[in-house]
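Input: a single structure, listed below in structure tokens.
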Amino acid sequence: NGIFKGVKGKNSKGNIWLDDVDCSGAEKKLSHCTHAGWGVENCFRGENVKIKCNNASEGDLRHSSDKLEILHNNEWGTVCSSNFNKIEAEVACMQLGYRNGSVLENTIATGTSKIWLNILACDGNESKLMDCPHSDWDTDTCSHGNVVGIRCSEGQDNLEEDHKEEHVLDNEEDIEEVTEEDHVVDHEKDHMEDIEEEQKVFQSALDKLSDEGKRERFLIFFH
């Protein structure tokens, strides 16, 4: 988008290449518009044209220092706080790419910028704030001290991250419990193996005793 911003001062320098430019709006380049010819001009130095360009389109929003602004007729303006509630803040924040929105308790004072919108009545299904029912553009009775301020956040994403973190912690606790159980089982298994080994050694020693009396004394000693 672009708007005409008047002319430069008389002290501007440089060649004036184009004059009597007449575009239809379908041209891809300014040089494709009808004009008097390159370097053909009868302009004064104070007639050098001045424009302002931007990539925003009608109804676009921007959010700076909590202040909500909307573009209308290629000019940024504000929104009145009257009747602007949480549902309107949600629509605005979703248009800006966030999930949640809230209205600031204190209104924001602005300078002389336009107050474009007032008395909005969103139902929450709108994709743009300008789609909400509202009073006519630039027909408000709002003062510059009652401009709405909003706060946007990615609340749902944060909740999902918190849930993921809790799930990870739960898994870690489960792993610790399983590890402890495995440790007890392993310890008991080792103990049983030691007992079995001792029994084998005992039986081997007993088998080597041929004399029955020696066997009885051996058994009495170990019991």
* Asked: Taking H as built 1.01 Å from N, whose amide H comes closer than 5 Å to the amide H of Ile115, not counting residues under 5 places away?
  -> Thr78
* Between segment 1-63 and segment 66-139, what's the alpha-carbon centroid distance in Å? -> 32
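How much length is gained on full extension from Ser153 to Glu193, taking 0.36 nm per residue of separation minus their Cα-Cα distance?
Extra length from Ser153 to Glu193 when fully extended: 8.3 nm.
Between Asn73 and Thr34, 0.36 nm times their residue separation minus their Cα-Cα distance comes to what? Could you put the intermediate results ahead of the total?
On the way: separation 39, 0.36 × 39 = 14.04 nm, distance 2.56 nm.
Extending this stretch completely gives an extra 11.5 nm.
Among the chymotrypsin sites (Phe, Trp or Tyr not before Pro) within segment 1-82, which fall in a DSSP loop and have no more than 16 other Cβ atoms within 10 Å of their own Cβ?
Numbers: sites: Phe4, Trp17, Trp38, Phe44, Trp76; in loops: Trp17, Trp38, Phe44.
The qualifying sites are Trp17, Trp38, Phe44.
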* Percent of Cα-Cα pairs per 5 Å bin, from 0 to the last occupied bin, for segment 60-153, please list those. => 3, 16, 29, 30, 18, 5, 0
* Structure fact -> Cα-Cα longer than 24 Å, checked against Lys13/Lys114; Lys29/Lys114; Lys13/Lys50; Lys67/Lys128, kept in input order, equals Lys13/Lys114; Lys29/Lys114
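Read-outs throughout are calculated quantities, based only on the coordinates presented, and are distinct from any laboratory measurement. Just so you know, these numbers come straight off a predicted model, no measurement behind them. When we count neighbours, we look across all protein chains shown, and the Cβ atoms used for this are built from the backbone with ideal geometry, even at glycine.
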